[in-house]
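Trainee: Let me begin by handing over the structure; questions about it come next.
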Amino acid sequence: MPGNQLPLTSPQRRRLLKYFAAENSVEIARRGVQIHGGVGYTRDYGAEKLLRDAMVLPIYEGTSQIQSLMAMKDTLMGILKRPQQFVTRVGQANWRAVSARDPLERRVAKVQALSLSAQQHLMTKTALAKLGGLSGKPISSWRDTMTKDWDPKRDFALAMLHAERLTKLLVDEAVAEIFLAQAKKNPERRAVLERWLDRIEIRDRALHEEITTTGDRILQSLQTPSAAAAE
């Protein structure tokens with residue numbers, strides 16, 4: 001989308017592409033087995049081999065979960081490095097979601113807004129936790145703590161928990177943007193974009209809800225035993 005494209009680097013694009021392709025290969029092969037029933041399950045036919053072959057894709061050259069963690073880290077670190085650009089993108093997405101003349105463009109902007117809102121939530125929670133860690137440290141060290149001293153496991157705990165959900169949002173957003181760009185050049189592609197939006201809109205709202213409302217209790221339960229052991 002002009003003026004609001006995801007600022008993805010080549011490594012980020014590769015991670016999202018591998019995640020999307022690997023996970024969908026397994027799902028499509030699994031459905032092929034199930035559609036054929038017992039015939040699909042037995043080794044006398046090719047459907048089960050397709051599933052066995054597909055299962056390696058989310059594993060080799062970096063599992064899907066590793067791809068998600070790296071995509072999450074790159075996304076949040078990008079916000080830290082360019083906060084003003086992120087704020088601008090949030091405003092643009094929200095504005096286009098209500099003002100774009102093309103109804104499909106408004107729908108794409110709403111998907112973007114969901115993705116950006118989830119990113120903002122994770123970044124806000126991460127930053128607040130980081131600020132809490134400044135207690136007891138000299139003021140002179142605060143700048144380095146907030147800009148340099150980041151420990152992924154400690155500081156991005158909530159984001160790590162939601163990394164795969166965030167990756168799904170990023171993939172849906174990126175694909176919607178690609179289809180929109182194609183639809184603007186070739187009107188016959190509008191039907192493809194519309195079908196994609198029909199598939200992802202409900203899913204993305206659910207992913208956004210999970211990211212923004214869950215996770216804190218799980219992290220607290222994991223931290224409690226460690227705190228007790230330290231005492």
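The values are calculated or read from the model by the stated rules, or taken from the named source; none is laboratory data. The model shown is predicted, which means the values in this text are computed figures rather than measured ones. Cβ: placed from backbone, ideal geometry, glycine included. Neighbour counts: every protein chain shown. We work out accessible area using only protein heavy atoms, side chains counted, and drop any ligands, DNA or RNA first. Shrake-Rupley method; radii C 1.70, N 1.55, O 1.52, S 1.80 Å.
Conditions tested, residue by residue: (1) modelled with pLDDT of 95 or more; (2) at negative phi; (3) part of a helix (DSSP H, G or I); (4) of a type in the set (Lys, Arg).
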residue: Pro2; (1), (2), (3), (4): no, yes, no, no
residue: Gln5; (1), (2), (3), (4): no, yes, no, no
residue: Gln12; (1), (2), (3), (4): no, yes, yes, no
residue: Leu17; (1), (2), (3), (4): no, yes, yes, no
residue: Gly37; (1), (2), (3), (4): no, no, yes, no
residue: Asp44; (1), (2), (3), (4): no, yes, no, no
residue: Leu51; (1), (2), (3), (4): no, yes, yes, no
residue: Leu69; (1), (2), (3), (4): no, yes, yes, no
residue: Met72; (1), (2), (3), (4): no, yes, yes, no
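Trainee: Among the numbered criteria (1) within 23 Å of Val111 (Cβ to Cβ); (2) more than 24 Å from the chain's Cα centre (by Cα), which single criterion is violated by Ala47?
Mentor: Evaluating Ala47 over (1) within 23 Å of Val111 (Cβ to Cβ); (2) more than 24 Å from the chain's Cα centre (by Cα) leaves (1) as the failure.
Trainee: Moving to a separate point now. From the residues in the stretch 22-44 that are within 22 Å of the chain's Cα centre (by Cα) and hydrophobic (A, V, I, L, M, F, W, C), which one is least open to solvent (accessible area, probe 1.4 Å)?
Mentor: Narrowing the stretch 22-44 to residues within 22 Å of the chain's Cα centre (by Cα): 22-28.
Still in the list and also hydrophobic (A, V, I, L, M, F, W, C): 22, 26, 28.
Values: Ala22: 4, Val26: 29, Ile28: 120 Å².
Within the stretch 22-44, the match that is least open to solvent (accessible area, probe 1.4 Å) is Ala22.
Trainee: Being modelled with pLDDT of 90 or more, aliphatic (A, V, I, L, M) and in a helix (DSSP H, G or I) is the filter here, so list the residues in the stretch 74-105 that pass it.
Mentor: Val87, Val90, Ala93, Ala97, Val98, Leu104
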